[in-house]
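This structure is in structure tokens; I'll ask about it shortly.
The values are calculated or read from the model by the stated rules, or taken from the named source; none is laboratory data. Note that the structure is a prediction, hence the values are computed from the model and not measured. Positions of Cβ are backbone-derived with ideal geometry, glycine not excepted, and every protein chain shown enters the neighbour counts.
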Amino acid sequence: MRLEVDITGKTFRSAAGETHEVLAPVKFALQSGEVGVLIGPSGCGKSTMLRIILGLDRDFRGTVARPPEARIGMVFQEPRLLPWRSVEQNVRLAAPDITDAKLAELFRILELDAHRSHFPGELSLGLARRVALARAFAVEPDLLVLDEPLASLDDALAGRLRDEIATLVARRPVMTLLVTHSLDDAIRLADRLFLLSPRPARIVREVPIAIPRAERSEAELGRIKADLAAPPLESK
Ligand SMILES: Nc1ncnc2c1ncn2[C@@H]1O[C@H](COP(=O)(O)OP(=O)(O)O)[C@@H](O)[C@H]1O
Ligand SMILES: [Mg+2]
């Protein structure tokens, strides 16, 4: 299973008729079992790119080849839970066939056990994000798309949630595309990093990280970071 993205451009038109170029040519591919991380500054076009990749926005130039029968799990920047449904109901509605054992495992990994019967309005942002993640993983996706799942959480909470995401993607081979503006999150989670320019976004560098996620020591992470800070040998 493979995702092939070849966007040649994306323009937004304002009400006044002005056009804004949001995406420059962006081309990359992702394999089954790989975690690709798109990292770029706020406003560069990351969410726009994800919407195109998911097929939610068809007004762009270029092509996106998604595996035809891929089950897709998506976590949007805002958790988008149904407010009048409990945590458990939110997840079960997305995945009606999920077994009690699978649901229990998801809730255990995401530390949601105590919150099954709570309603979204009773949850902190960190918990609401966890529910959105549980919902995305509950469908056993082939392609998982995560839009800034750790943004606006304090460091300790973001760190825990990052580890939980790593645990979940290690359970079965899922093709994952994660967007972030945090280099720390990116180097801890990615198999492949795509560094984006400011708007209009284009990939300025593609960096494979060969060391398995679980084996990345602080020293290794420091080295990866130093590599990224150094200018590329060949600039494109
Ligand atoms: N529906 C829209 N209409 C017009 N401009 C938009 C729309 N959605 C996003 N934009 C603009 O496109 C740019 C990229 O937005 P977005 O993809 O949300 O960035 P990011 O997710 O990287 O922060 C921003 O300048 C934003 O204002
Ligand atoms: Mg965004």
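Looking only at the range 36-46, decide whether some residue is without any contact (Cβ under 8 Å) to a residue 24 or more places away in the chain, in the same structural domain as Glu21 (by TED's automatic domain parsing), touching a strand residue (DSSP E or B) at 6+ places or on another chain (Cβ under 8 Å) and at positive phi. Let's see the steps before the verdict.
Step one: list which residues in the range 36-46 are without any contact (Cβ under 8 Å) to a residue 24 or more places away in the chain, which gives none.
No, the range 36-46 has no match at all.
Listed here are the residues, each with its yes/no results for (1) more than 30 Å from Arg172 (Cβ to Cβ); (2) in contact with a helix residue (DSSP H, G or I) (Cβ under 8 Å, 6 or more places away or on another chain); (3) surrounded by 13 or more Cβ atoms within 10 Å (Cβ to Cβ).
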{"site": "Thr19", "(1), (2), (3)": "yes, no, no"}
{"site": "Thr48", "(1), (2), (3)": "no, no, yes"}
{"site": "Gly55", "(1), (2), (3)": "no, no, no"}
{"site": "Asp59", "(1), (2), (3)": "yes, no, no"}
{"site": "Pro67", "(1), (2), (3)": "no, no, yes"}
{"site": "Ile72", "(1), (2), (3)": "no, no, yes"}
{"site": "Pro79", "(1), (2), (3)": "no, yes, yes"}
{"site": "Trp84", "(1), (2), (3)": "yes, no, no"}
{"site": "Lys102", "(1), (2), (3)": "no, yes, yes"}
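Also, quick follow-up: How about the range 178-195: which of its residues are in contact with a Leu (Cβ under 6 Å, 6 or more places away or on another chain), within 13 Å of ligand 1 (Cβ to nearest atom) and either under 17 Å from Asp6 (Cα atoms) or not β-branched (Val, Ile, Thr) (or both)?
Passing the criteria: Leu178, Phe194.
Further, regarding this structure: Out of the range 7-49, which residues are closer than 19 Å to Thr63 by Cβ and over 16 Å from the mean Cα position of the chain (by Cα)?
Ile7, Thr8, Gly9, Lys10, Thr11, Glu21, Val22, Leu23, Ala24, Pro25, Val26, Lys27, listed by residue number.
For the range 54-112, give me each residue that is in a loop (DSSP other than H, G, I, E, B), within 16 Å of ligand 1 (Cβ to nearest atom) and touching a Gly at 6+ places or on another chain (Cβ under 9 Å).
Passing the criteria: only Phe60.
Let me ask something else. Looking only at the range 27-53, count every residue that is within 12 Å of ligand 1 (Cβ to nearest atom) and part of a strand (DSSP E or B) and tell me the total.
2
Same structure, new question: Any chance the range 16-25 includes a residue that's touching a residue at least 24 places away in the same chain (Cβ under 8 Å), more than 9 Å from ligand 1 (Cβ to nearest atom) and part of a loop (DSSP other than H, G, I, E, B)?
yes
Let me ask something additional. State which residue is nearest to the chain's Cα centre (by Cα) when the search covers only the range 131-186 and only residues that are more than 16 Å from ligand 2 (Cβ to nearest atom) and among the hydroxyl-bearing types (Ser, Thr, Tyr).
Result: Thr176.
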